[in-house]
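Novice: I'd like to ask you about the structure that follows.
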Amino acid sequence: MLVKTKAIVISTVKYQEKSLIVKCFTESDGLKSYFVQSAFSNRKSSQKIAYFQPLTILEIVATHKNKGTLEHFKEIKLATAFQTINTTIYKSTIVLFLSEIIQHSIHEEEKNQELFTFLETALVWLDHHHEISNFHLILMLEMTKYLGFYPDISESKYDFFDLSEGIFSIFQSTNSLSLHQTDLFKKLIDLKFDSTQKTFSGTERHTILKILLDYYIIHLDGFKMPKSLAVLKEVFS
């Protein structure tokens, strides 16, 4: 079936010497993997590879056989031409990290229009703003709304957040954050992308990131720690 859709590049793997396997989160069908033959074989290779940088937003026409095999692009172009993401070290590091988070969080080949729209909107925001030190934290928390484990904030007046249950509690259990950690987590819940980026110190930001990663590990089967985590910590230390 021939499909025209937007697609966000999640990951690429080089196949043999000249080809690529590109995993995308598509607006029409969720997660899809595509085979790009001869991606490195001619003078236009650099242009082709530029399409497949982490979290690039594409507009594609592709053949979807939906048989669990690799699909193929028929046409491909940029849906959004980023101006700063690929040229700013802070932004490119965030994008590399988040591409791994998304890769380990989305496994189903099924449409999730709301998640796609959220990610597309967030990436465009990132490209157009400079104060972005909390961006990855806010995106990771907001993404849990679409993955099915956003914290229950109905009792957020309580002092301890239970990572396993996803609720705030009067009592501290073995899976609960400390009083200080819970306070930081509450501050994150209140943040929006346009909120002041000076809410947290560098140490607090690292603490919140660990909380979010632990939360993902508990609630998503097969979730893996991103390889780019060390780079992210170094850039934002």
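Novice: Tally up the residues in segment 122-146 that are exposed (fewer than 14 other Cβ atoms within 10 Å of the Cβ) and farther than 23 Å from SER201 by Cβ, please. Even if it seems obvious, please write down each step before you answer.
Specialist: The initial filter retains those residues of segment 122-146 that are exposed (fewer than 14 other Cβ atoms within 10 Å of the Cβ), namely 128, 130-131, 145.
Now restrict to residues that are farther than 23 Å from SER201 by Cβ: 128, 145.
Of the residues in segment 122-146, 2 are exposed (fewer than 14 other Cβ atoms within 10 Å of the Cβ) and farther than 23 Å from SER201 by Cβ.
Novice: So, one more: Taking into account only those residues within segment 49-84 that are in a strand (DSSP E or B), touching a residue at least 60 places away in the same chain (Cβ under 8 Å) and of a type in the set (A, V, I, L, M), which is surrounded by the most Cβ atoms within 10 Å (Cβ to Cβ)?
Specialist: Going through the qualifying residues, I end up with ALA62.
Novice: Any chance you could count how many residues in segment 106-123 are within 23 Å of LYS210 (Cβ to Cβ) and modelled with pLDDT under 95?
Specialist: Number satisfying all stated conditions: 1.
Novice: Name every residue in segment 168-198 that is open to solvent by 30 Å² or more (accessible area, probe 1.4 Å), part of a loop (DSSP other than H, G, I, E, B) and closer than 30 Å to ASP127 by Cα, in order of residue number.
Specialist: Residues satisfying the conditions are LYS192, PHE193, ASP194, SER195, THR196, LYS198.
Novice: For segment 52-65, give me the residue count where each residue is hydroxyl-bearing (Ser, Thr, Tyr) and at pLDDT below 90.
Specialist: Within segment 52-65, residues that are hydroxyl-bearing (Ser, Thr, Tyr) and at pLDDT below 90 number 1.
Novice: Still on this structure, please answer the following. Return yes when SER237 is out of contact with any strand residue (DSSP E or B) (no Cβ under 7 Å at 6 or more places or on another chain), at pLDDT below 95 and surrounded by 13 or more Cβ atoms within 10 Å (Cβ to Cβ) and no when it is not.
Specialist: no
Novice: When you go through GLU155, GLU165, GLU131 one by one, which is the residue that is part of a loop (DSSP other than H, G, I, E, B) and within 19 Å of the chain's Cα centre (by Cα)? Break it down into steps so the answer makes sense when it comes.
Specialist: Details: GLU155 fails: within 19 Å of the chain's Cα centre (by Cα); GLU165 fails: within 19 Å of the chain's Cα centre (by Cα).
The match here is GLU131.
Novice: Among the candidates ASP221, ASP214, single out the residue that is open to solvent by 40 Å² or more (accessible area, probe 1.4 Å) and either in a loop (DSSP other than H, G, I, E, B) or of a type in the set (Val, Ile, Thr) (or both).
Specialist: Just one listed residue meets the conditions, ASP221.
Novice: Go through (1) of a type in the set (A, V, I, L, M); (2) in contact (Cβ under 8 Å) with a residue 24 or more places away in the chain; (3) part of a loop (DSSP other than H, G, I, E, B) and name the single condition ILE101 misses.
Specialist: Condition (3) is where ILE101 drops out.
Novice: Select from segment 147-167 the residues that are of a type outside the set (A, V, I, L, M, F, W, C) and open to solvent by less than 30 Å² (accessible area, probe 1.4 Å) and list them in ascending order.
Specialist: PRO151, ASP162, GLY166
Novice: Regarding segment 16-30, can at least one residue be identified that is assigned to a loop (DSSP other than H, G, I, E, B) and modelled with pLDDT of 95 or more?
Specialist: Looking for residues that are assigned to a loop (DSSP other than H, G, I, E, B) and modelled with pLDDT of 95 or more, one finds at least one in segment 16-30, hence yes.
Novice: Oh, and also: Across segment 89-110, what is the number of residues that are open to solvent by 40 Å² or more (accessible area, probe 1.4 Å) and over 17 Å from ILE57 (Cβ atoms)?
Specialist: Residues that pass the stated criteria total 6.
Novice: Which pairs turn up if I take residues in segment 214-237 that are without any contact (Cβ under 8 Å) to a residue 40 or more places away in the chain and look for partners that are part of a loop (DSSP other than H, G, I, E, B) and not aromatic (Phe, Trp, Tyr) with beta carbon separation below 7 Å, at least 6 apart in sequence or on another chain?
Specialist: Note: no pairs meet the criteria.
Novice: Residues of segment 80-102 being modelled with pLDDT under 95 and touching a strand residue (DSSP E or B) at 6+ places or on another chain (Cβ under 7 Å), which ones?
Specialist: The one that is modelled with pLDDT under 95 and touching a strand residue (DSSP E or B) at 6+ places or on another chain (Cβ under 7 Å): THR80.
Novice: For segment 225-234, check the following and say yes or no: at least one residue is outside any loop (DSSP other than H, G, I, E, B) and within 20 Å of TYR146 (Cβ to Cβ).
Specialist: If we filter segment 225-234 for residues that are outside any loop (DSSP other than H, G, I, E, B), which is where we start, we get 229-234.
Now restrict to residues that are within 20 Å of TYR146 (Cβ to Cβ): none.
No, the conditions are met nowhere in segment 225-234.
Novice: Restricting segment 13-26 to residues that are among the hydroxyl-bearing types (Ser, Thr, Tyr) and over 21 Å from LEU115 (Cα atoms), which is most open to solvent (accessible area, probe 1.4 Å)?
Specialist: Residue satisfying both the conditions and the ranking: TYR15.
The values are calculated or read from the model by the stated rules, or taken from the named source; none is laboratory data. Every value quoted in this text rests on a predicted model; they were computed, and no experiment measured them. Positions of Cβ are backbone-derived with ideal geometry, glycine not excepted, and every protein chain shown enters the neighbour counts. Heads up: the accessible areas ignore ligands, DNA and RNA and are worked out on the full protein's heavy atoms, side chains in. Shrake-Rupley method; radii C 1.70, N 1.55, O 1.52, S 1.80 Å.
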